[in-house]
Structures are given as structure tokens and as C-alpha cells.
Amino acid sequence: MPGMRDIKRRIRSIKSTQQITKAMKMVAAAKLRKSQEKVVAARPYANKLRQVMERLVAGAAGLQHPLLEVRPRQRVGFVVLTADRGLCGGYNANIIRLTEQALREEAAETALVPVGRKGRDYIRRRRYQMVQEYTDLGDNPNFIQAREIARRVMQLYQEGVFDEVNLVYTEFLSAIRQQPTMVRLLPIQPPPDPGADQPAADSAEYIYEPSPAGVLATLLPRYVETQLYRALLEAKASEHGARMTAMGSASDNAAEMIDKLTLSFNRARQAAITKEILEVVSGAEALK
Amino acid sequence: MAAKTILMEIVTPERIVLQKEVDSLVVPAFEGYLGVLPGHAPLVTGLKAGVVKYTIRGKTSRLALSGGFMEVVDNRAVILADTAERGEEIDLARAQRARERAQQRLKNREAGLDVLRAELALQRALARIKAGE
């Protein structure tokens, strides 16, 4: 049985760890709330954009644009959104696992664009092909950052570096549930025809300035930017959620360990006292 | 029949900037400024960096935009802007510095200058100054 001093030292060390995990949990919870607000705030724009695009695509079939053009898939790119930091449970591992799976199933040549330090480090370690990297986006990714990444990816696509680009990110379902997902970013899949609830005649009445094709040309890049922005926000909210859960259970585990150690500390103390009494008693016996 | 006001909504990817009933508005469309009055026909247009002017009961306010597009339908004008700043929010001194920087760059024409980008930056700065004054 370890001595009382050793046990005491361990309890102290676990307690300080617990304080850290507790603090991290609370910080993550606060950040999560903020991220969630941003996800909600980004919705009106994204919805409106999609509506306009649906109408445009439904009204004027056969529109051409480089970002819509489907090419033979020779080189496929993956934009992988991970965190810059760890200590968030399986968050990064899940994204990496999904990416690995996609890479295995992909027959064409592949290359990656990691966003976030954890993903980049992993890709570097495995010596996968990396075209571009983005790190240190901070806890509150803004639209400007998303736009920068989106523009670069679109440029790579138009230059023919990639024939298809997929986006791997974590979808935020709730504070305790996050789902790694993969969506195709480029070429853009036009949203499906809204169909019955919106008669085609409605769209024909629109005036397009300067022209449907001109509007499409300004709209499509924004669509990609918004998609990426939304993914960034969702990924960030997921990261905070995952970290909150991970740190919550770490704090619980620490509490459990402290309980167990306190029990054995008390036992050790009791044993020592018993021993001392025994010694006193037997010493007195011997004097008789 | 025609309504007296039109609902103007200005939305950026990060937030809803403004949502107001206005008497009229003028936006920087691709082919020049374009006025929208209540009861306008359905319209979709791209927008450049510039100033949005809108009038509520004879009072005109301005707003700086840095590109985007607008949809007008059912007496609603929805402006989807990349960024939008209200006149009173704009830091004039900063905008002026940005303008000078952009002008300097365009004048010097150093090697490797992204002319298009510098011009866009200049346009943005001008729009903000105009909206802020």
C-alpha cells in the first residue's frame, strides 16, 4: 500500500488537472454558444442565395459557367476542416478517419487542402500530397477568411489543378452530437428544381441585369464562398461542442479518481493510527 | 394599387444589417446606379462596390456596399451584400487612408501589382467615404 504522503500528492495533482478541465469545459461552452449564434445568423443569407439560384437555374436551363462544368475526374481535391488544437475528444480523429476512407475509395489521383493545424500535421506526417494549407483561423472564423479559402480553391479548380473538390467537415447536430460529413464543392451541383410549389412561369418574369449569365457569374462564386463559410462555422461549433463533452467527462473522471484516492488515503490513515495504538499497547504490555 | 413603401432587406453572410420599409432606394448595379421604387417588377441584378441610398419619409440615408446582388420581388428588395456598413458606422479616417493607399499603389505601378485588386480596393474605399460623409 502506497504511503499517505504519496496518495496526498496524487490527489493534489489530479485536483489541479480537474480544475483545468473544468475551466476548459466552461470556456468551450461559452464559445459554443457564440458559434451557434453565428451559424444561425448566417442562415438568412444562405437561404436567400439558394432561392435565387434555384430560380435562375429553373428559369434558364442550359446555363454555362466554368464552375458548373463537369470534367473527367483525374485529380480530386479534398478540403479538410479540422481544429487547430486538440483536447476535443474524437473530433479531429473522426474527420481524419472519414478523409482516409474517402482517399482509399478514390480511384483518381488525390490531393488535400487542410484547414486547421491538426489536419495539416497529420497530412504532413503521412506524406500525402498537399496543395495548400490554412491554419490559425481562430475561434470565430469570419466570412473574409472563408472567402479567401473559397477563392483559392475555385482558382485551383479553374486552373485544372483539381477536377473535383470535396469538402470534409463536421456537421453540428447538437452540443453533444456531431457528424463528420463530406460534400461536393466543385463542380457546383445546381440545387434541385424546386418543382411543384414554384411554377416555372414565375421565374420567366424576372428581369436580369445585366443578363441571366452575368448574374450567374457573380452568384456562383458567392454560393461556393457561402458553403465554405457555413462549413467553417459548423465545424467550429462542433469543435467547441466536442471539447465541451470531452472536458466534461474528463472532469467527471477526475472526480471519480479523487473519490477513490480519498478512500484509500483514509484507509491508510486509519491503518497507521491502528498500528500506532497497537504499538503503544504492546509497549505497555511489555513493561508489566 | 401600388404600395407606398417597399421593404428593403440588407443581408450579409454574417448578419442581417438592415430591414426597413423605405420610400425608394438606389443601388450600385453593374451597369450604373439603379433606382427601385415601390411596386418594382421582379428583378435580379449584380451589384458593384458602391453606395446604397435609401429614403424614408424624405430622409435619405447611405450605406456602403462592397459588391453582391439584389433581388426585387413582391415589393421586397433583398440585397445580398458581401459586406455592408451604415454611414454612421464608418470610420472616415480609416477609409481615407485606404483610399490614399490604393491611389498610391495605382500611381506607382510597381512590378507585380494586382491592378484589378487595387482598383477594387479603391472603389470600396470611395464608397465608404461617400457613405460616411
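Provide a single number: the residues in region A:113-134 that are buried (at least 22 other Cβ atoms within 10 Å of the Cβ) and not in a helix (DSSP H, G or I).
Looking only at that region, the number is 4.
Between residues in region A:135-152 that are away from every other protein chain (no Cβ under 11 Å) and in a loop (DSSP other than H, G, I, E, B) and residues that are surrounded by fewer than 20 Cβ atoms within 10 Å (Cβ to Cβ) and of a type in the set (Lys, Arg), which pairs lie under 9 Å by C-beta distance while being six or more apart or on different chains?
As it stands, the answer is A:Thr135/A:Arg117; A:Asp136/A:Arg117; A:Asp139/A:Lys31; A:Asp139/A:Lys34, since those pairs meet every condition given.
Specify the residue that is farthest from B:Glu119 (Cα to Cα); the eligible residues are those in region B:23-39 that are surrounded by 20 or more Cβ atoms within 10 Å (Cβ to Cβ) and within 12 Å of chain A (Cβ to nearest Cβ). Even if it seems obvious, please write down each step before you answer.
Of all residues in region B:23-39, those surrounded by 20 or more Cβ atoms within 10 Å (Cβ to Cβ) come to B:25, B:27-29, B:36.
Now drop any that are not within 12 Å of chain A (Cβ to nearest Cβ), which leaves B:27-29, B:36.
Values: B:Val27: 20, B:Pro28: 16, B:Ala29: 17, B:Val36: 27 Å.
Ranking the candidates gives B:Val36 first.
Does region B:6-18 hold any residues that are surrounded by fewer than 21 Cβ atoms within 10 Å (Cβ to Cβ) and modelled with pLDDT of 90 or more, and which are they? Break it down into steps so the answer makes sense when it comes.
Our first condition is that a residue be surrounded by fewer than 21 Cβ atoms within 10 Å (Cβ to Cβ); within region B:6-18, this holds for B:7, B:9, B:14-18.
If the condition is that a residue be surrounded by fewer than 21 Cβ atoms within 10 Å (Cβ to Cβ) and modelled with pLDDT of 90 or more, then B:Leu7, B:Glu9 are the ones that fit.
If a residue has to be farther than 27 Å from A:Ala28 by Cα and not in a strand (DSSP E or B) to count, how many in region A:153-185 make the cut?
Residues that pass the stated criteria total 11.
Kindly evaluate A:Glu37 against the criterion of being surrounded by fewer than 16 Cβ atoms within 10 Å (Cβ to Cβ), out of contact with any Lys or Arg (no Cβ under 7 Å at 6 or more places or on another chain), within 14 Å of chain B (Cβ to nearest Cβ) and farther than 30 Å from A:Tyr206 by Cβ.
yes
Just to be sure, is A:Arg73 modelled with pLDDT of 85 or more and either surrounded by fewer than 19 Cβ atoms within 10 Å (Cβ to Cβ) or more than 28 Å from the chain's Cα centre (by Cα) (or both)?
On the way: modelled with pLDDT of 85 or more: yes; either surrounded by fewer than 19 Cβ atoms within 10 Å (Cβ to Cβ) or more than 28 Å from the chain's Cα centre (by Cα) (or both): yes.
Yes, satisfied.
Restricting to region B:49-76, and then to whatever is under 12 Å from B:Val26 (Cα atoms) and over 13 Å from the mean Cα position of the chain (by Cα), can you tell me which residue is nearest to the other protein chains (Cβ to nearest Cβ)?
B:Thr55
The values are calculated or read from the model by the stated rules, or taken from the named source; none is laboratory data. Note that the coordinates shown come from a computational prediction; the quantities given were computed from them, not determined experimentally. Please note: Cβ atoms are built from the backbone with ideal geometry, for glycine as well, and neighbour counts cover all protein chains shown.
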